[in-house]
Every structure is written in C-alpha cells, then in structure tokens.
1. Evaluate the following for Leu265: is it modelled with pLDDT under 85 and within 30 Å of Leu93 (Cα to Cα)?
2. Quick one: Gly170 ticks every box in (1) of a type in the set (Gly, Ala, Ser); (2) part of a loop (DSSP other than H, G, I, E, B); (3) at pLDDT 90 or above bar one, so which box is it?
3. Please verify whether Ala107 is of a type in the set (Gly, Ala, Ser), open to solvent by 40 Å² or more (accessible area, probe 1.4 Å) and under 30 Å from Val320 (Cα atoms), treating the condition exactly as stated.
4. Starting from the range 4-33, keep only residues that are touching a residue at least 60 places away in the same chain (Cβ under 8 Å), then list their pairs with residues that are open to solvent by 80 Å² or more (accessible area, probe 1.4 Å) and charged (D, E, K, R) whose Cβ atoms are within a distance under 8 Å, requiring at least 6 positions of separation or different chains.
5. Can you name every residue in the range 139-148 that is over 19 Å from Ala115 (Cα atoms) and surrounded by 13 or more Cβ atoms within 10 Å (Cβ to Cβ)?
6. So in the range 120-138, with the set limited to residues that are farther than 17 Å from Trp210 by Cβ and among the small types (Gly, Ala, Ser), which one is surrounded by the fewest Cβ atoms within 10 Å (Cβ to Cβ)?
7. Mind checking which pairs have a first residue in the range 46-75 that is under 19 Å from Thr296 (Cα atoms) and a second that is of a type in the set (Asp, Glu) and open to solvent by 40 Å² or more (accessible area, probe 1.4 Å), Cβ under 7 Å, 6 or more apart or different chains?
8. Looking at the range 218-239 only, could you name the residues that are free of Cβ contacts under 8 Å to residues at least 40 places away in the same chain and surrounded by 19 or more Cβ atoms within 10 Å (Cβ to Cβ)?
Amino acid sequence: MLAYTVRRILVSVPVLIVSTFIVFLVVVNSGDPVANFATSRQPPPSRAAVTAFARHIHADQPVAERYWNWITGVLHGDWGPSVQSNLDIGHDLFTRFRVTVTLVAAAMLLALVMAVVFGVFSAIRQYSVADYTITFLGFLFLAMPVFWFAVLLKQAGIWFNQETGSQFLGTIGEKSPYLEVDTTWNEFSDRVGHLILPTITLALVSFASWTRYTRAAMLEVLDSDYVRLARAKGLRRGRVLTRHALRTALIPLATVTALDIAIILGGAVITETIFQWHGMGEMLVQAATTLDVYRTMAWLLLSAVVVIVFNLFADLLYAVLDPRIRYD
C-alpha cells in the first residue's frame, strides 16, 4: 500500500502543476488589476504609483515567468504579493482555512452519519412508507439551491432567537464579537451555536445524494450470494448487516464523498458568504472582487490539494472496507 500511495502522489504532482497553470492563465486574463488600481482611487494615482503597483504584483512580467515565480515561491512559503500591500497571503490563507475546515468537517460528518443511517434503513424497508418518505426528502433537498436554503435557515434562526429571547443560533460570523462570560464552556457553546445553521445547510444538500448511493449499494449487497450464505448459516440479522453488508456498501459512498469534496468547498463559499464567516469562501469572494491574482490562486491551489488528498484517502479506504482489495 505504501508503494501505491507514493505512486499516486507522484502522479498527482504533474496533474497539479498543469491544472494550476491553466487556472493561472484564466485568472490572469479575467481582469486587469493595474487598470482597476488606476481608476478606482480618488484622487487618481500618479503614473509612477501605477508603475510601482504593477511591479509589486508582477504584472510587468510575462505570464509564464509570473507562474514560474509563483509556483517556486509557494514551495518556499511565499504565496506571492497581494493587491493589498500589507497582506500576507499565506498567513491569511491558513487562518481562514482553519475556519472553513471546521465547517466542512462538521457538515461532512453529519451528512455521512445521516446518509448511512437513512440509506440503510431505506434499503431494508424497501418500498415502505418510510422508504418513500426518505426518497422524497432526498430529492427535495437535492433540488434546493444552496444559497436559497442558507437564506431560509438564516431567517429561521433569526425567528427562533426572537421567539425564545435568546441568541443560541448564531446567524452572523463563526463566533460572537464578544462574550458576556469569558469561560471555555461559554466560548465553546457560542461557537457551536454559530456552527449549527451553516452545518445543516451544507450537510442536507450532500446527505440528499449520498443517501441515494447508500440505499442503492445496500440493496445490491443484500441481494448478493455471500449475504445469503451468511443468513443461511444462522448469523444474526444485525451482524449480517453491519459486518458483511454495510462494509461493502460503504465503498460507493467513499467514492462519491471524495468526488463531492470540490462541490462541498464550492457550497462553503456560498454558505460562508451568507452567514458572514471569515473563512476561505470570503477570501475567494474578496480576491475575485479586487482582481487579486495570487490570493485567488492560493485558494485554488489549496482546494486542489484537498481534493487530491481526499481522493487518495478514498482509494486507500477501499482496502479497509473490503479485505479482498489489495494494492501492489
């Protein structure tokens, strides 16, 4: 398995380089930050100031040279200059990354638990009222746009706080700007309150499709020969479901979860914007608005690495879920 992991990592490097170069071309040609700098300042900056700004963001260099300087700089911890002269892109990126990881991890954990529970229950109760109800809810959440669902939950949270006279459900930011009592428990409960609504927003959208995959995989496994043999040997139904059927049925779920991480990160951008979280989503929106090339590339590079790591982890997880799978 170690040799397979090393090969996958080595193959991922050229893929990452090619993909980032293509994206770099797209980002560089999406707008002119120098022209934006020259026209957005009041009073208008001098020609010398515009020239200095272009030199600062490396806009005076050829695109290939700019990319090479950027990618080699990243290897040494230099993420490039920002249009905001006093901003350290690397520090800003990883500070915001911790915020986004909290949201994405909580949403994925909730979605996975719900997908397994409801997917398995729907499979063993096939064509029952519960199965149809879960199917209906799945398609309902799948059809909901993330931005609309987030706004709906935010309004529901505001209504709940007004009706209960509390501020338990945070609707703005990942934490309150101040706490009445400065204690560890108070800070923890405050962060949990702010995490609930964004987590539900991301989790229910992912849960909708993941439940369908779990149900379909579980139905296929339950009809397989080795499950029938386990039942014929007199094993308890619960043991057959958990030890024999569920482990194999989780393989398609592991695949779709790894593939959907990019969609979840995209959904996090919308969710963070609506709930005003200071995470990577806000960073991308700010970078796109100000035509900040290197800040945008920092977000895209880190997101690409996360997607590659998740897909590698999913491949390695197959051998854990199904002992018949071996990597040479």
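The values are calculated or read from the model by the stated rules, or taken from the named source; none is laboratory data. The model shown is predicted, which means the values in this text are computed figures rather than measured ones. Here the Cβ positions follow ideal geometry from the backbone for every residue, glycine too, while neighbour counts run over all protein chains shown. Note: accessible area is taken over every heavy atom of the protein model, side chains too, but ligands, DNA and RNA are not part of it. Shrake-Rupley method; radii C 1.70, N 1.55, O 1.52, S 1.80 Å.
1. Numbers: modelled with pLDDT under 85: no; within 30 Å of Leu93 (Cα to Cα): yes.
Taking the combined requirement at face value, the residue does not satisfy it.
2. If we test Gly170 against (1) of a type in the set (Gly, Ala, Ser); (2) part of a loop (DSSP other than H, G, I, E, B); (3) at pLDDT 90 or above, just (3) comes out false.
3. Answer is no for this residue.
4. The qualifying pairs are Tyr4/Asp328.
5. Matches in the range 139-148: Phe147 only.
6. Only one residue tops the list, namely Ser128.
7. Ala54/Asp60
8. Residues of the range 218-239 that are free of Cβ contacts under 8 Å to residues at least 40 places away in the same chain, as a first pass: 220-221, 223-239.
If the condition is that a residue be free of Cβ contacts under 8 Å to residues at least 40 places away in the same chain and surrounded by 19 or more Cβ atoms within 10 Å (Cβ to Cβ), then Val221, Ala230 are the ones that fit.
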